[in-house]
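What follows draws every value from the coordinates through simple rules; no lab data is involved. What you see is a predicted model; the values in this text were computed from it and never measured. No Cβ is skipped: glycine too gets one built from the backbone with ideal geometry, and neighbour counts run over all protein chains shown.
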Amino acid sequence: MHSYIMNNEKDYRTAVNGQGHGVILIKKVGEIERAYGYFKSIDEDMIALSEQEEAEVNTILNPTF
Amino acid sequence: MQHRDVKEGDIHVIHDLKFMNIEERDAYEPKAEDLDKICLVVEPYGFFALQSVEPKKWSALSTVTVSLEDFEVYTKEQINTLLSKKIEAYNISSSEFKCGYTRNGKEVFGIEVDCGALPNNAIKSIPIPSYNANYNYWVDTTNSYSKTSNKNSIIPIPYVANQPYHVGIDITNGNIRIIPYSDRTVFTETKITLNYTKE
């Protein structure tokens, strides 16, 4: 899983399978919106997530109610 | 009925005696027929009735005594400042505001969270500002909305519609989660209002 800071509200990068966008989560903190997901290409502004960071993202995506 | 001290054709005034000050009044030696008469004291201005001749006792006609020390006196500027602070306390904003009511005996507060644009079929997560796990939070759905940049379309959040256009919301682990089922990025301004009571 990778993440990048969105340049604007339309900045969705292509999904790893080339179909649609690969963003599965956006975290907004202040003015910064960081997108997380699985993407077709790894752009220069993308960073790879550690296992712990991926686990945190998955906790937000699939919380235990 | 004829007034005892007013002859026919005379003009009756409310007071029978007039003194320039309290000392002058107290120096006056009333007669028995002065009982119950009223005097005017010019400075400080006031009316008194002769309640008793022996001992001499004047009683103020008013039974209400007002002292400035009983009041807190504010200038017009101070009152305007206090009123503006009260208005600000109830103003829906990004800082904590008061809702003006209680829930289970606890005062209800609110905060408006700027959530930016709605996402494109992805979950958007926004941490609750100054989150406190001991507070009791809920979404103020009547004060939560999203609008397009041209402001032509405004929807409440949550938005209940056909599923592709549905926009869900919840609070999970100190985060607001906004959950659409299609591209809703045309809605660029989203304000979510939360309510909470404290410990």
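Things worth noting here:
- In order through region A:3-15: 3J(HN,Hα) via Karplus (6.51 cos²θ - 1.76 cosθ + 1.60), integer Hz, x for Gly, Pro: 9, 8, 7, 5, 6, 6, 6, 9, 7, 10, 8, 5, 5
- Charged-residue dipole, Cβ positions (Lys, Arg, Asp, Glu), the protein assembly as shown about Cα centre, Debye nearest 20: 1220 debye
- Helical mean residue ellipticity (222 nm; -39500 (n - 2.57) per DSSP H run of 4+; nearest 500) of chain B: -3000 deg cm²/dmol
- Taking the C-alpha atoms only, the angle from helix A:51-61 to the longest principal axis of chain A is near 80 degrees.
- Gain on full stretching of the segment that runs from residue B:173 to residue B:10 - 0.36 nm per residue minus C-alpha separation: 49.7 nm
- Relative to the longest principal axis of the Cα atoms of chain B, the long axis of helix B:76-90 lies at roughly 30 degrees.
- Normalising by residue count, the protein assembly as shown has a Cα convex hull of 300 Å³ per residue.
- Anchor residue A:28: aspartates and glutamates whose Cα lies under 19 Å away (excluding residues fewer than 8 positions away in-chain): A:9, A:11, A:45, A:53, A:54, A:56, B:112, B:114, B:170, B:183, B:189
- In terms of surrounding Cβ atoms within a 10 Å radius of their Cβ, B:187, B:71 rank from fewest to most as B:71, B:187.
- Efficiency of FRET from Cβ geometry, residue B:69 and residue B:20, R₀ 35 Å, rounded to 0.05: 0.80
- A simple charge model with +1 on the Cβ of Lys and Arg, -1 on the Cβ of Asp and Glu and nothing else charged puts the dipole of region B:93-197 at about 100 debye relative to its Cα centre.
- Phi to ³J(HN,Hα) by Karplus 6.51 cos²θ - 1.76 cosθ + 1.60 over region B:184-199, Hz, x for Gly, Pro: 10, 5, 5, 8, 9, 10, 10, 10, 10, 9, 10, 10, 7, 10, 8, 3
- Along the axis of the charge dipole computed for region B:82-199 (Cβ charges of +1 for Lys and Arg, -1 for Asp and Glu, origin at the Cα centre), the listed residues B:104, B:116, B:169 are led at the positive end by B:104.
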